[in-house]
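Engineer: Before I ask anything, let me first share the structure, which is written out below as structure tokens.
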Amino acid sequence: MFRNYIKTAFRSLKKNKGFTFINVFGLALGLAVCLLIVFYVVDELGYDRYNTKADRIYRLNNDIKFGGHEDSYAVIPAPTAAALVSEFPEVENAARFRQTGSFRVKKGSQNIQEDKVTFADPAIFNIFTLPFVDGSATDALKAPHTAVINETLAKKYFGRTDVVGKTLVLNDTENYKITGVIKDIPRQSHFRFDLFLSMETLAESKQTTWLSNNFQTYMLLKPGANIKTVESKFSDLINRHSSAELQQFLHMSMSDLEKQGNYFRFSVTPLTDIHLKSNRVAEMGENGNIQYVYIFSAIAIFILFIACVNFMNLSTARSANRAREVGVRKVLGSARKDLVFQFLTESILITLVATLIAAVAAWLSLPLFNQMAGKEMSITLKALTWLLPTLIFIVVFVGCLAGSYPAFFLSGFQPIAVLKGKLSGGFKNGNLRSALVIFQFFISIFLIIGTLAIYNQLKYIQNKDLGFNREQVLVIKHAWILGNQTETFKQEIKQLPGVTNASLTGYTPTGGNRNSSTIYTSPVFDLKNALNGQVWTVDADYLPTMGMHLAAGRNFSKEMATDSTSLILNESAIKLLNGKSNLNQFLYKPLDDQMKKIGKYKIIGIVKDFNFNSLRENVTPLILTYGKDQGALNVRVSTKDVKGVLAQIERKWKELSPNQSFSFSFMDQDFDAIYRSEQRVGSICVAFTTFAIIIACLGLFGLAAYAAEQRNKEIGIRKVLGAGVTSIVTMLSKDFIKLVFIAILLAAPLAWWFMQRFFLESYAYRQNIQWWVVVVAASGAVLIAFVTISFQSIKAALINPVKSLRSE
Amino acid sequence: MEKYYRTEEVETIALNKLSMEVKEGEFVAIMGPSGCGKSTLLNILGMLDDPDAGSYLFNGTEVANVGERKRADLRKHNIGFVFQSFNLIDELTVYENVELPLIYTGVASSDRVKRVEEVLEKMQIMHRRNHYPQQLSGGQQQRVAIARAVVNKPKLILADEPTGNLDSSNGNEVMELLTDLNEQGTTIIMVTHSEHDARYSHRIIRLLDGQTVMENIMI
Ligand SMILES: Nc1ncnc2c1ncn2[C@@H]1O[C@H](COP(=O)(O)OP(=O)(O)OP(=O)(O)O)[C@@H](O)[C@H]1O
Ligand SMILES: [Mg+2]
């Protein structure tokens, strides 16, 4: 019996090659896209799960509102980790990380810059699963000036991995003894360091203040401990430890502070949530975004659905042709059940072929998709353990989903009616089919509008006046490497032909240093007088080099001796001060930890607001102080020959410091990097949208073919009566275009609302969706649909009516 | 005229150097055994098809191989068709079926109402104007088809076995209608298998294997 099903199914598919092709191809395309998205989602959801104790590990966060400014930090005060272990019985262990930037590591006479470096407590090896290939957790990172490196680094500097006991020379001066070599941290980890330095080395790690937040801190709960219990004790913990400090420096208690609307609040993020659900200040790496997972999953389901709809629509449209077969089979004694089975076999067979093609297509396009998604996914043996069952599931599920409607629809035909020819066309009661076509185009139009909205916003970001000029600025990194020669370096660079200006500071608007601090409007340090914002140390060349503009006052000047106590504020800071201080007035800052010495600063200028955060955020208060920061040398170039200038700069660098690596970036590229994930999502959406439209059009193409076939006779009659090609094409296309228009009416407002609400509103600076976006999407959809249908309609309209009438 | 059909294996000669002339106002019947080429001839006369060789003068103009657009234009203004299987459009009502040729020739809608009602009246089918073809008897359907064929006041009506699907009383009714139309000046060329029906015509052209074998003048 089953063989008979397969045989008939196979013949039926072979007989209807066009139908089979559209189904297999459409389904394969849809499934391939789905598979890629499944890879992506599985990959995103798999972060940090390599840790065997993952379900007991939590990172602590601090949400702070202070001095009119609110922020969410992934870092907390230094003493917290020890306090957690000693005061909370639920906590088994806790460990801290602290990054202070990149280090130069000596290899022979050369210094190589390493960026993935962190200071860490030894307890990280008890909390995270970081297996040792040499040495052990027992004595790793315990003593000051000890290090743990990964295999890659061990091979890079020593050519082998059994290097415990050897020494690394960092920044030319500091010796670190290697106490362990660990396996490289898996790709799916929210932190991926190559080099761990012992926390003991860092004086800052012994700080006792609870008012400064610099340490990423993780805790491991005891088995069975309840995280809720721990969380409920956080506010008491902060209170107990910071009240003395609050009294001393701000002369107030925690409750006073809270009464004024400020707060310090600890919270936790479960380890496995960090990658997708955490986006705080001072994350240890670039995290993913759960929203993208949702969006892509939704797209995958939609695309698969579009492909399944094609199958259902074409099968039922074809039903007129198959009705006779069903009738005959029923008369011959076939039960409905058998017919259902027969049609399901057919659709599962199609799905199987499509799935095989899709699997190969997905496998072949994985590298391309990796590039688009910024990932390094690969199909490993381990992946096959979930992949194969998934594929089998897809075949059965999609096969049944796509085949169920035709199976029950076709098998429900009454044999007498069919054989008497009463059932003149499967095309007449096509309400469900129409609804499905509307749904397909609804999704396609939704995707088009969504994609256009993303692109529009990205273009807006590209073209927005940021308040500074990021074009033609070279950022020479780590200028501090040159030591006391940085100033010489800067002056020499400024002399180079093609260089307009150069400013020495690591505080660049497109990233680099950040320093959040508080400054007061009166020498009595009271929260009411506090202004919290970014405080950046810059030189007198900063504003002209960056192309920033003063709204009032003047720039810093080398000639003015008093400028070391001068400030330039941005407009947002002035606004927040709300008249409490203004141009030519004064601000105050504690100069030591005890807040005894007080510095008095004069506001000499107001710089127009420029965007130094992502455009998702408003411009926040910024205070520029005059001084020497050697983080980077920012060089404004005026010539087209940027390469030539760069080569000269590098030559100067090598002259001053032959053994130090030279690294640089272009400021406009740094800016673009901030929006890389949006760019990625944008291009992935374009690809998916294209596929969705192609699949939807394939279905429409098939339906139009059947519609034309069903109306063959009518077309013939009309032509005999004098209808022209145009009127026939219009007649055939009208019905479908009507469906597309309904889809537009439904999709446009919904897509508009959705994108506005869930995408654009996350930007403080945004380009709202304009009417033309909707018009473009709508006319695009209509045009594509029309062209698709026209193929069939024109073909039908050109047939000699004699042919179609003959067959009657 | 000559007409061949080529299929993969064989070439059928549907019309073999056939020659004929029909005068304005004539009522001609074409008869012959099945497969002798009657329908083929009618299709060519109706400008639905082209002859492979020869010439077709319609009203003094050469219309063989003149191009689809021109033929379609000539056709819709000059020729009405009546088929054995009626060929009404199932999705349209009686009224709409009859209205169709007027729409295609661009008659204004106010005129259309008048003219459609006029022919429906004449064909005595007015009371069924809002019915669908499936709701009518065969004879009624053919009357609608004839109404549709004449609504544009064509010079020539081509009828391919118009009574083939009808019983004798309905058939006679249809033949009376055609005779009336002919008497009012319309040229009629009718294919038929029925000697009875052929007797309504002025002249019978008998075909065999795509050739004229005999012409009977009936008047
Ligand atoms: N499209 C076609 N392809 C191939 N051969 C055809 C085609 N149309 C007609 N023929 C052949 O041409 C010949 C004439 O056909 P035609 O339809 O004109 O016959 P007919 O006289 O109308 O017959 P009937 O009385 O049965 O309707 C037949 O032999 C037929 O098989
Ligand atoms: Mg015939």
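Engineer: When A:Met731, B:Met47 are ordered from fewest to most other Cβ atoms inside 10 Å of their Cβ, what list results?
Structural biologist: A:Met731, B:Met47
Engineer: Go ahead and run the numbers for FRET between B:Asn130 and A:Asp668, Cβ-Cβ distance against an R0 of 56 Å, rounding to 0.05.
Structural biologist: According to the calculation, E is roughly 0.20.
Engineer: At what distance in angstrom do the alpha carbon centres of the range A:566-589 and the range A:486-552 lie from each other?
Structural biologist: 16 Å
Engineer: Sticking with this one: Classify chain B as rounded, prolate or oblate from the Cα gyration tensor: take a ≥ b ≥ c as the square roots of its eigenvalues, call it rounded if a/c is under 1.5, otherwise prolate when a/b beats b/c and oblate if not.
Structural biologist: prolate
Engineer: Cross-link candidates for A:Lys166: which lysines have Cα within less than 25 Å, leaving aside residues fewer than 8 places away along the same chain?
Structural biologist: Once the sequence-local lysines are set aside, what remains near A:Lys166 is A:Lys106, A:Lys107, A:Lys116, A:Lys142, A:Lys155, A:Lys156, A:Lys177, A:Lys183.
Engineer: Another question, if that's okay. What's the average, rounded to a whole number, of partner chain beta-carbon atoms within 10 Å of each residue's beta-carbon in B:82-95?
Structural biologist: Per-residue shielding by partner chains comes out at 3.
Engineer: Express as a percent, rounded to the nearest 5, the fraction of DSSP beta bridges in chain B (both residues included) that run antiparallel.
Structural biologist: Here the share of antiparallel DSSP bridges comes out near 40 percent.
Engineer: Just counting partner chain Cβ atoms within 10 Å, what average do the residues of peptide B:37-48 show around their Cβ?
Structural biologist: If you average over the peptide's residues, the count of other-chain Cβ atoms is 2.
Engineer: Follow-up. How about the range B:8-58: which GluC sites (Glu not before Pro) there lie in a loop by DSSP and see at most 10 other Cβ atoms within 10 Å?
Structural biologist: Sites meeting the loop and neighbour criteria: B:Glu8, B:Glu9, B:Glu21, B:Glu24.
Engineer: Sticking with this one: Where in chain A are the DSSP H helices whose alpha-carbon span along the long axis reaches 15 Å or more and whose Kyte-Doolittle mean is at least -0.5?
Structural biologist: Flagged H segments are A:17-45, A:234-250, A:290-317, A:336-373, A:381-411, A:431-463, A:642-656, A:676-710, A:725-758, A:771-798.
Engineer: Using a 10 Å cut-off around each Cβ, can you sort A:Met548, A:Met199 from fewest to most neighbouring Cβ atoms?
Structural biologist: With the sparsest Cβ surroundings first, the list reads A:Met548, A:Met199.
Engineer: So which aspartates and glutamates can A:Lys233 reach, going by Cα to Cα under 14 Å and dropping same-chain residues fewer than 8 places off?
Structural biologist: Cross-link targets: A:Glu87, A:Glu90.
Engineer: So between A:Leu368 and A:Ser243, what do we pick up on full extension, going 0.36 nm a residue minus the alpha carbon distance?
Structural biologist: 39.5 nm
Engineer: Just to be sure I understand: of the beta bridges DSSP finds with both ends in the range A:473-674, what percent are antiparallel, rounded to 5?
Structural biologist: Percent antiparallel among DSSP bridges in the range A:473-674 is about 75.
Engineer: For the peptides B:170-183, A:231-244, what is the packing order when you average, over each peptide's residues, the other Cβ atoms within 10 Å and list the highest mean first?
Structural biologist: Highest-to-lowest ranking by the protection proxy: B:170-183, A:231-244.
Engineer: Can you sort B:Thr187, B:Thr212, A:Thr380 so the residue with the fewest Cβ neighbours within 10 Å comes first?
Structural biologist: Fewest-to-most Cβ neighbours within 10 Å comes out as A:Thr380, B:Thr212, B:Thr187.
Engineer: Kindly provide the helix-only [θ] at 222 nm of chain B, computed as the sum of -39,500 (n - 2.57) over DSSP H runs of four or more divided by all residues, to the nearest 500 deg cm²/dmol?
Structural biologist: -10500 deg cm²/dmol
Engineer: Could you work out, residue by residue across A:720-729, how many beta carbons of other chains sit within 10 Å of that residue's beta carbon, and then give the average as an integer?
Structural biologist: That average works out to 6.
Engineer: Ok, one more. Need one number: % antiparallel among DSSP beta bridges in the protein assembly as shown, to the nearest 5.
Structural biologist: Just about 70 percent of them are antiparallel.
Engineer: Follow-up question, since we're still on this one. Report, in whole Å, the centroid distance computed from the Cα atoms of the range A:2-53 and the range B:180-211.
Structural biologist: Going from one Cα centre to the other spans 63 Å.
Engineer: Then there is this: Can you classify chain A as rounded, prolate or oblate using the Cα gyration tensor, where a ≥ b ≥ c are the square roots of its eigenvalues, rounded means a/c under 1.5, and otherwise it's prolate if a/b beats b/c and oblate if not?
Structural biologist: Prolate shape, in that a/c is at least 1.5 and a/b is the bigger ratio.
Engineer: Let's test the formula: R0 of 35 Å, r as the Cβ-Cβ distance of B:Ser85 and A:Phe21. What FRET efficiency results, to the nearest 0.05?
Structural biologist: So the FRET efficiency works out to roughly 0.55.
Engineer: Moving to a separate point now. Distance check, please: which entries in A:Lys65/A:Lys596; A:Lys7/A:Lys337; A:Lys719/B:Lys38; A:Lys477/A:Lys597; A:Lys580/A:Lys608; A:Lys528/A:Lys597 exceed 26 angstrom between their Cα atoms?
Structural biologist: A:Lys477/A:Lys597
Engineer: While we're here: Mean residue ellipticity at 222 nm from the helices of chain A, using -39,500 (n - 2.57) per DSSP H segment of n ≥ 4 over the full residue count, to the nearest 500 deg cm²/dmol?
Structural biologist: -16500 deg cm²/dmol
Engineer: Moving to a separate point now. Cut-off under 12 Å on the C-alpha distance; same-chain residues fewer than 8 positions from A:Lys640 excluded. Which aspartates and glutamates are left, in chain and number order?
Structural biologist: The reachable aspartates and glutamates, counting only those whose Cα sits under 12 Å from A:Lys640, are A:Glu471.
Engineer: Still on this structure, please answer the following. Would you please classify the overall shape of the range A:473-674 from the alpha carbon gyration tensor, given that a ≥ b ≥ c denote the square roots of the eigenvalues, rounded means a/c under 1.5, and beyond that prolate means a/b larger than b/c while oblate covers the rest?
Structural biologist: prolate
Engineer: Give the peptides A:521-531, A:753-763 in descending order of average Cβ contacts within 10 Å, highest first.
Structural biologist: By packing density, highest mean first, the sequence is A:521-531, A:753-763.
Engineer: Post the alpha-carbon centroid distance, the range A:721-744 to the range A:349-371, in whole angstrom.
Structural biologist: Centre-to-centre distance over Cα atoms comes out at 36 Å.
Engineer: Of chain B, which part is the longest with no trypsin sites (Lys or Arg not before Pro) in a loop (DSSP not H, G, I, E, B) and with at most 14 other C-beta atoms within 10 angstrom?
Structural biologist: It works out to B:24-198.
Engineer: What residues from the range A:271-287 fall in the zone where the backbone N is under 12 Å from a label point 7 Å along the Cα-to-C-beta line of A:Arg192?
Structural biologist: A:285-287
Computed from the coordinates by the stated procedures, all read-outs in this text should not be read as laboratory data. Being a predicted model, the structure only gives us computed values, none of them experimental. Positions of Cβ are generated from backbone atoms using ideal geometry, with glycine treated the same way; all protein chains shown enter the neighbour counts.
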